[in-house]
Structures are given as structure tokens and as C-alpha cells.
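A short write-up of the structure that comes next.
The values are calculated or read from the model by the stated rules, or taken from the named source; none is laboratory data. Just so you know, these numbers come straight off a predicted model, no measurement behind them. Here the Cβ positions follow ideal geometry from the backbone for every residue, glycine too, while neighbour counts run over all protein chains shown. Please note that ligands, DNA and RNA were not included when accessible areas were found on the heavy atoms of the full protein model with its side chains. Shrake-Rupley method; radii C 1.70, N 1.55, O 1.52, S 1.80 Å.
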Amino acid sequence: MAQIPNLDNAPLNLNSLREQSQKELVNILKNIRGKKCLVIDPKLSGSLSSIIQTAILKEHGIELRHLSVDPIQTDCSKLVYLVRSELSLMRFISSHVHNDTSKGLQREYYVYFVPRRSVACEKGSTHYTFVPLDEDVLSFELDLAYKECLVDGDTSSLWHIAKAIHKLEFSFGVIPNVRAKGKSSVRVADILNRMQAEEPVNSPDMVVPEINTLILLDREVDMVTPMCSQLTYEGLLDEFLHINNGAVELDASVMGVQQEGKKIKVPLNSSDKLFKEIRDLNFEVVGQILRQKATSMKQDYTEVTTNNQTVSELKDFVKKLNSLPEMTRHINLAQHLSTFTSKPSFLGQLDMEHTIIEAQSYDICFEYIEEMIHKQEPLVNVLRLLILFSITNSGLPKKNFDYLRRELLHSYGFEHMVTIRLVQHAVRSGWRPIEEILKLLPGPHSETKRGRFSSSPSLDTLQGPSANVDKVVDGRRSLVLVVFIGGVTFAEISALRFLSAQEGMAYDLIIGTTKIASGHTFTETFVGK
């Protein structure tokens with residue numbers, strides 16, 4: 001099953017972005033003469049597979065290996081490392097060089113950092129800018145951006161985000177309307193303006209930019225949403241099975257393949273028509289839909305085997321059979337998910353999340369978290385609920401905070417999506433009508449107009465699909481790029497898709513993000529996992 005998503009139906013020509021990234025990587029490898037081995041950081045293999053198929057690399061005579069502490073076993077004289085900028089990975093590479101030297105092997109080593117290099121890791125760098133995860137989702141692959149900005153004080157990732165957006169403008173025109181909310185977002189908007197001044201995008205006077213508006217949002221603006229359990233089908237798959245670059249890795253037995261100990265990757269993107277239909281639905285609804293489709297197929301089969309069918313009717317039945325592999329795949333996945341969602345611990349957690357959000361009883365919530373600590377439930381689960389409890393109460397009293405901190409040290413050694421409401425206002429009327437609300441949310445906000453179309457009607461003044469500037473030349477809807485700095489959840493992506501599909505909504509939405517995240521992955525980032 002191919003992992004690489006089909007981008008033909010994307011509202012923007014994402015195929016060109018992917019082809020550009022493919023070309024850059026292939027050119028780097030072509031410029032290194034001789035027999036070579038590409039050694040890939042395992043955490044990059046997913047994003048790499050979203051850009052280029054391994055068959056293309058093998059066609060160019062390139063051997064592939066995954067980076068680990070073990071020496072690279074190959075006859076190639078050139079080793080090309082494609083890695084993240086982390087010192088632990090540099091130690092692996094250093095050990096490989098020392099091992100080869102001790103054995104008298106004469107090799108050349110090339111190190112390329114993705115998506116960027118750090119001062120501590122100086123060498124060549126290759127820059128994906130965006131990795132298309134699906135036809136409406138782009139990732140900067142900056143997994144640690146939120147922690148780096150918030151905790152480490154390292155804002156270098158903001159330059160890379162602005163650089164990636166500016167590179168996008170060279171392909172699709174200067175984005176005339178930019179709205180930002182949050183300290184990091186405002187800074188990205190400022191950097192983007194400086195880049196346009198220093199390295200201007202020159203487009204023909206009469207060509208309307210393909211992207212009408214850029215909305216930049218800090219994750220810090222709304223930390224409640226990611227700390228709540230996601231209840232959409234795709235969201236729950238990520239919560240429990242951890243979607244990585246559009247795929248989940250599972251025991252083969254889960255998917256009905258009887259090969260003990262074998263793992264298989266299951267792709268999850270819009271190339272799968274059934275997944276595209278059910279991904280954004282509540283998980284309970286998904287079960288009903290799969291049941292209805294299975295019943296319908298069974299009835300069709302009974303009719304085919306018991307009645308005389310016309311050729312046309314047989315053809316229709318065969319068409320339905322083509323969707324059988326997708327049906328089987330999602331029935332297996334849904335059945336596996338239900339083993340998690342039916343557990344009393346998960347249902348209890350959902351009830352407690354609702355209690356916390358509705359601010360029903362401080363004492364009940366505090367005692368529940370205290371009990372989780374005493375039961376030594378997974379630390380990430382405890383911290384996730386504690387973060388939600390703290391945010392919704394504007395922090396905890398010092399006495400309670402100190403008590404929970406002591407207990408932690410002793411034991412371990414949905415509907416409230418602020419970001420989606422902000423997107424809705426930013427698209428339809430800009431920031432001005434909700435100025436007072438914005439002041440209540442964390443961080444500054446800004447609104448700027450850029451390029452030749454800065455004086456033409458923006459989304460502030462457009463009224464529905466009849467507006468002249470509302471469509472680009474070929475009749476498609478205007479496009480809005482929504483960028484989450486710090487990460488976005490699948491539940492938020494689902495909400496944005498729902499917003500875009502509403503009657504009277506005149507714009508297509510594309511989501512850009514530093515990473516796809518959940519409450520678990522956010523929390524793990526801060527506890528150093």
C-alpha cells in the first residue's frame with residue numbers, strides 16, 4: 001500500500017511543491033559522484049516517504065539504511081546522512097566514522113540536516129519547507145518549535161516558518177492579507193514582511209495571488225483544545241495508535257494478517273476514499289456508517305447469487321467490490337479502536353475533562369487528579385489532565401500546586417475550540433470586529449496588507465461568493481492558508497474542514513502547521529520523551 005498521498009484534488013498545486021522537494025534531494029545525491037548509501041534518521045523516514053517513493057531513489061542506484069548506533073553495513077564508498085539537527089545523532093555519525101577508520105575503510109561522509117541545521121551541528125542543510133501530508137494539510141516538520149520558543153527561548157524556528165511561507169509566495173504570489181494572533185505569529189508576520197522587502201516576489205501586475213489570506217495562530221492562544229481527548233475517527237486513531245506522516249504502524253494481526261510479530265504500516269490519507277468520507281466524523285457515527293455499508297454489500301451479494309442480474313447490475317456490484325479492501329481496513333481499525341474507547345479509564349477521563357471545562361467542581365477535579373497520581377497512572381495522562389485543570393482555573397493556588405508537585409515527585413521520581421472561532425472571524429470580517437475579545441487571549445495581534453493587491457478589496461469587505469475578487473482566474477474559490485505555530489490536532493483540522501464546507505463559506509482552507517499534535521505528544525515534548 002503506497003504511503004504517498006494523492007494531491008491532485010488539492011485547492012493549491014501541492015504537486016509542484018512535492019516535485020520541487022524531490023528534485024532538490026535527487027540533485028544533492030546526483031552531485032555526489034560514485035556509489036552511495038543514503039542513511040536516514042528513522043524519525044524522518046515518514047516525512048521523506050510523503051515526498052518521494054523509495055523506488056525513485058533505488059532507480060538512481062542509491063542504497064537506503066536507517067541511522068542507528070550500529071555501524072553501516074555497505075560496500076558504498078560514499079555515505080550521505082539525512083538527519084535532524086540533534087547532538088545525539090551526531091554522536092552516532094561520529095561513531096560510524098571512528099569504526100570505519102579503525103577498520104581501514106576509506107569513505108567520504110556527507111551530512112544534511114532537515115528541516116534545518118543548528119549552530120552546534122554545522123554542515124550542509126536541505127530544506128523541505130513544507131511536507132504535504134494530505135491535499136489540505138502541510139507540515140513544516142518543526143516538532144520542537146513550541147517548546148523551543150516557550151521554554152528554551154530559541155526562536156530560530158520562526159525564521160524557518162517565515163522562510164517557508166515566503167518560498168511559497170515565489171510559486172503562488174504575494175499573499176495580500178496577513179492576520180496574526182500571538183507573540184510568535186506576530187513575529188513571523190514581521191519577518192515575512194522583511195523578507196519581502198529584502199528579496200521581493202515579483203509577479204505580473206494583473207495576476208491575482210492564489211492565496212488571498214494568511215492567518216497565523218500561536219498554539220498558546222488555545223491550549224485547552226489539545227489537552228482534551230479528540231473524538232473524531234482520525235483524532236482517536238492519533239490518540240491511541242499515533243499517526244506518523246499519514247500512516248499508523250500496527251501488529252499485522254490487528255489487520256487480519258496472521259504473521260506473528262510482524263508490523264505493518266497502514267496509510268491514512270484522502271487517497272483512501274472511505275477514509276476521506278469518515279475521518280472527520282465522531283467515532284460513534286463511524287461505527288454506524290461502516291455497519292450500514294457492510295449490510296448493503298451483503299444484501300447486494302445475496303441478490304447477485306439468488307437472482308438473475310443484468311450485465312449492468314453485475315458491473316455495479318463489481319464496482320462496490322473494489323471498495324472491499326478499504327472497508328476491511330477500517331472495520332479492523334474501528335474494532336481495534338473500540339478496545340480503547342470502551343475502557344472505563346477512558347470514559348472516566350472524558351467525564352472528568354467535561355467537569356473541568358464546565359468548572360463544575362474544583363474539589364472533585366483536584367481529588368480525581370490526586371487519585372490518578374496515587375494509582376501511578378501513566379505520567380503523561382496525569383500531566384495532561386493537570387495542565388487542562390490549571391489552564392481552566394487560571395493556575396492553581398500555591399498550596400494545591402505544591403502538594404500535587406510533591407505527590408508527583410513521590411509517585412514517579414471539544415466544542416471549545418478558540419482557534420477555529422478565530423479563523424472564522426479572520427476569514428469573514430478580519431480582526432477589527434472582535435478587537436476586545438482578542439485582547440483577552442494570550443499574546444498580541446496584527447493585521448497587515450501586502451503587495452500590489454493590498455489596496456484592493458480584502459476578505460474584510462467581500463460579501464459571499466458573488467464578490468469579484470473572491471475567485472481566482474479559473475473560477476476556483478479564494479484560498480486561505482491557516483498556519484498553527486506550535487502544532488495542530490486532527491480534531492481542529494476536522495473542524496476547519498467542516499467550516500470550509502459550510503453553505504455561504506466562500507473560501508477553501510489549507511492548514512499549515514509546525515507539527516500534527518495531540519495532548520499526549522504536547523505533554524511528552526515538555527517531559528523530555
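Over 28 Å between Cα atoms, which of Lys30/Lys163; Lys265/Lys343; Lys23/Lys181; Lys163/Lys183 qualify?
The answer is Lys23/Lys181.
What is the gain in length, in nm to one decimal, between Lys276 and Gln20 on full extension, counting 0.36 nm per residue of separation less the C-alpha to C-alpha distance?
So the extension gain works out to 89.5 nm.
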Loop GluC sites (Glu not before Pro), the range 339-385, which have at most 10 other Cβ atoms in a 10 Å radius of their Cβ (DSSP): Glu358
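In the range 14-114, carbon and sulfur make up what percent of the accessible area (probe 1.4 Å)? Intermediate values should be presented prior to the final figure.
On the way: 2580 of 5080 Å².
The nonpolar share, carbon plus sulfur, comes to 51 percent.
Which FRET efficiency value, to the nearest 0.05, is calculated for Glu249 and Ile56 with the Förster distance at 30 angstrom and r the Cβ-Cβ distance? Working shown, then result.
On the way: r = 22 Å, r/R0 = 0.75.
Between Glu249 and Ile56 the formula returns 0.85.
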Loop trypsin sites (Lys or Arg not before Pro), the range 66-120, which have at most 12 other Cβ atoms in a 10 Å radius of their Cβ (DSSP): Lys103
Reachable lysines, given that their alpha-carbon falls under 20 Å from the alpha-carbon of Lys293 and they are not under 8 places away in the same chain: Lys273, Lys276, Lys315, Lys319, Lys320
Accessible-area order (highest first, 1.4 angstrom probe) of the listed residues Cys149, Cys37: Cys149, Cys37
Global form of the range 149-283, assessed from the alpha-carbon gyration tensor, a/c cut-off 1.5: prolate
